[in-house]
Amino acid sequence: MILVLGKGTTREEVERLKDILRSEGHMVKEIGGVEERVLGIVGKTPRESAYYESLPGVEKAVPISKPYKLVSRELHPAASIIKVGDVSIGGGRLVVVAGPCGVEDRRTTLDIARVVRKHGAVLFRGGAFKPRTSPYAFQGLGEEGLKILSEVREETGLGIVSEMTSPSQADLMMKYVDVVQVGARNMQNFELLKSVGRIGKPVLLKRGLSATIEEWLMSAEYILSEGNDQVILCERGIRTFERYTRNTLDLTAVPVIKKLTHLPIIVDPSHATGIRAKVSPMARASIAAGADGLIVEVHTEPDKALSDGPQSLYPEQFEQLMRDLYVIAPVVGKQLDYAYLDKAAVMRPRRGEGRAPATVAYSGVPGSFSHKACAQFFGTEVPLRNSSSFREVFELVDSEQAAFGVVPVENSLTGSIHENYDLLLEFELKIVGELTLRIKHNLLGQAEATIEGLERIYSHPQVFQQCREYLEKNPGWDLIAFKDTASAVQRVREGGDPKEAAIAGEEDEQFSPMAVLKEGIETNPRNFTRFVVISRNESLPGPQNKSSLIYSVSDKPGALFETLRIFAQNGINIVKLESRPIHSRPWEYLFYVDLETDVTEENRSHILAELLDKTEFFKFLGSYNKGAQV
Ligand code: PEP
Ligand code: MN
């Protein structure tokens, strides 16, 4: 049952109500809505809505229509993010879990861990208890295997995912693992589900061999009903009449699960296909379908693997898959971050050392593209500080009130955001990272609004420009400029008028529970914005493989060419070259250059010296990681 509370309900009234409900044997979950306070309640003997509506503070009681309650989106409309150490599953960053099917020996396991960590995996999976179809097949090393996994965590920092096959292993799981896996064969082992519910660690719940989605969600409900709501669902293929592949990967489960539950879902293309060559295509498709991550079997010597060798990727295949996912992720509004764990280590508040957590500044309001860029670059746990202008972001970073700032510098359709290029020139800050976001614009309005009934549209002027073709089809609309898309959404939400709509990015229930009247109205869907991360003193991990410079040259023939010759002679790829007017000197220009190299590298220092010699003004903006591993 969902209880919607009256608008003016006080904290004390809410607590009193929760006490009453608990004393009647209900589990109570408080859900912070944007506009209203909501309680989700589940009890073994629920009563009629009218009873709940008679309780003090309750305005409306709505029954949950599904047999699963705690896992239902009806009860918890916002997506849940499951934390495993520094890793968040269900946020904007893909989580790739990799490792061998089973832990076989110390050396092989550590070798595999090092290689998957290097290529961007953030959790390590290895079975110590293997539920095998044949009693004569390798059954896993048991506690010895778990000890090896602990060593993996110690050395690589990768959190450990391992399968539990019996409630009697609960103590071992408590001691050694970070995520308890419930395998497909045990999805309906209800005693096991209750036991993992009580362990209280995050659970990876695989879909049963021939389980319906509803049965699968009922199994998740068992775990949540024990008080453990950290469940990650894993689609791993189901048994069908098709025998070519080991199972049939039901990718439809991804969007279906996203609609039915708030829990995150990852996909296991290894057990779904059983064939190495089919794993990467299905992994790519899973991410395109909207999965929050993957669990993939990888082995350094799959031919010698004691289980599931034929479906285990070679390290080179895993590396290539991750590069592909790096490219696909922004298209579906996500990121693959190779420096995920290293970055987290930099950002984690260093308690005890008296250091404040590293705050990140951005311009705009929660829900804006800049806000999304911060969350995708630094994760959802980092303290963010929003400001009202790009200049203020630079000032906050310059005065070290924020360790980092995130600002957009370039859009693939509309070009550079010159204000930020000018600020990069003015302030003595360094670029320490970059990130690309796909910009998809939607028309958002009140639930009862219709496109035909709209009269006024709010958004940023650049957004109107990016949606020109669509807007031209509706010439009667008044376009009202706002300073950013998120404030436009806020304006329309608060106005409550069905004649008004805002154009903004993907709807995020947390910030804007509004109806999508029309999705993807940007003229060109290949619409990406590049953000840079700026800092005064901090640096970020990851190989530095890109550099940005600003310079001017003397007013004589070949002067610019002389600088470009330096790049050509040193085999350096120029990825951006743009001229900007020098404000105080009409018809003179500064050149903004991005290079695909680290110009600060020791054996490249002569390049900087040569450039200094050939330029009149020279400013080095920073060397940083362009995101993809090289
Ligand atoms: C496994 O993850 O190695 C495994 C046995 O998977 P499933 O339970 O999906 O068959
Ligand atoms: Mn396996």
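The values are calculated or read from the model by the stated rules, or taken from the named source; none is laboratory data. Since the model is a prediction, treat every value here as computed from it, not as a measurement. FYI the Cβ positions are ideal-geometry reconstructions off the backbone, even for glycines, and counts take in every protein chain you see. Heads up: the accessible areas ignore ligands, DNA and RNA and are worked out on the full protein's heavy atoms, side chains in. Shrake-Rupley method; radii C 1.70, N 1.55, O 1.52, S 1.80 Å.
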Restricting to the stretch 109-151, name every residue that is open to solvent by 10 Å² or more (accessible area, probe 1.4 Å) and among the aromatic types (Phe, Trp, Tyr). Phe129, Tyr136, Phe138
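Can you find, within the stretch 162-189, the residue that is most open to solvent (accessible area, probe 1.4 Å) among those that are in a helix (DSSP H, G or I) and under 21 Å from Ile265 (Cα atoms)?
Going residue by residue through the stretch 162-189, those that are in a helix (DSSP H, G or I) are 167-176, 184-186.
So of that shortlist, the ones also under 21 Å from Ile265 (Cα atoms) come out as 184-186.
Numbers: Ala184: 9, Arg185: 110, Asn186: 22 Å².
Here the residue is Arg185.
Evaluate the following for Thr273: is it within 15 Å of ligand 1 (Cβ to nearest atom) and surrounded by fewer than 19 Cβ atoms within 10 Å (Cβ to Cβ)?
On the way: within 15 Å of ligand 1 (Cβ to nearest atom): yes; surrounded by fewer than 19 Cβ atoms within 10 Å (Cβ to Cβ): no.
Criteria not met by Thr273.
When the stretch 197-231 is examined, which residues are found to be among the aliphatic types (A, V, I, L, M) and either within 14 Å of ligand 1 (Cβ to nearest atom) or under 26 Å from the mean Cα position of the chain (by Cα) (or both)? Full working, then the answer.
Taking the stretch 197-231 as the starting set, the residues that turn out to be among the aliphatic types (A, V, I, L, M) are 199, 203-205, 209, 211, 213, 217-218, 220, 223-224, 231.
Result: Val203, Leu204, Leu205, Leu209, Ala211, Ile213, Leu217, Ala220, Ile223, Leu224, Val231.
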Exception for Pro525 within (1) under 28 Å from the mean Cα position of the chain (by Cα); (2) under 27 Å from Phe404 (Cα atoms) falls at (2)
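Wholly within the stretch 54-155, which strands (runs of 3 or more DSSP E) include no fewer than the required count, namely at least 1 residues that are in contact (Cβ under 8 Å) with a residue 12 or more places away in the chain and away from ligand 2 (no atom under 16 Å from the Cβ)? Even if it seems obvious, please write down each step before you answer.
Details: elements: 58-62, 82-84, 87-89, 95-99, 123-125.
Qualifying strands (runs of 3 or more DSSP E): 58-62, 82-84, 87-89, 95-99.
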List the residue pairs whose Cβ atoms are under 8 Å apart, where the first residue sits in the stretch 486-501 and is more than 15 Å from Gly367 (Cα to Cα) and at pLDDT 95 or above, the second is part of a loop (DSSP other than H, G, I, E, B) and of a type in the set (Gly, Ala, Ser), and the two are 6 or more positions apart or on different chains. Pro498/Ala449; Pro498/Gly453; Lys499/Ala449; Lys499/Gly453; Glu500/Ala449; Ala501/Ala449
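Tell me which residues, restricted to the stretch 578-600, are open to solvent by less than 20 Å² (accessible area, probe 1.4 Å) and acidic (Asp, Glu).
Just the residues of the stretch 578-600 that are open to solvent by less than 20 Å² (accessible area, probe 1.4 Å), to begin with: 590, 592-595, 597-599.
Correct list: Asp594, Asp598.
In the stretch 115-140, what residues are more than 14 Å from ligand 1 (Cβ to nearest atom) and hydrophobic (A, V, I, L, M, F, W, C)? Please lay out each step first, then the result.
Residues of the stretch 115-140 that are more than 14 Å from ligand 1 (Cβ to nearest atom), as a first pass: 115-122, 135-136.
Val115, Val116, Ala121, Val122 - these are the residues of the stretch 115-140 that are more than 14 Å from ligand 1 (Cβ to nearest atom) and hydrophobic (A, V, I, L, M, F, W, C).
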Pairs, first in contact (Cβ under 8 Å) with a residue 24 or more places away in the chain in the stretch 435-457, second of a type in the set (S, T, N, Q) and outside any strand (DSSP E or B), C-beta under 6 Å, six or more apart: Ile439/Asn527
Exactly one of Asn537, Asn573, Asn603 is open to solvent by 70 Å² or more (accessible area, probe 1.4 Å), without any contact (Cβ under 8 Å) to a residue 40 or more places away in the chain and under 31 Å from the mean Cα position of the chain (by Cα), and that residue is Asn573
Got a number for residues in the stretch 156-174 being within 16 Å of ligand 2 (Cβ to nearest atom) and among the small types (Gly, Ala, Ser)? 1
Using the structure shown, decide if Leu384 is among the aliphatic types (A, V, I, L, M) and surrounded by fewer than 20 Cβ atoms within 10 Å (Cβ to Cβ). yes
Kindly indicate whether any position in the stretch 138-147 is aliphatic (A, V, I, L, M) and touching a strand residue (DSSP E or B) at 6+ places or on another chain (Cβ under 6 Å). no
Among residues of the stretch 232-257 being within 19 Å of the chain's Cα centre (by Cα) and either touching a residue at least 60 places away in the same chain (Cβ under 8 Å) or outside the structural domain of Ala211 (by TED's automatic domain parsing) (or both), the residue nearest to ligand 1 (Cβ to nearest atom) is Cys234
What are the pairs, 6+ residues apart or on separate chains, where a residue within the stretch 262-278 that is on the phi > 0 side of the Ramachandran plot has its Cβ under 6 Å from a residue that is modelled with pLDDT of 95 or more and near ligand 1 (Cβ under 10 Å from one of its atoms)? Gly274/Arg246; Gly274/Gln311
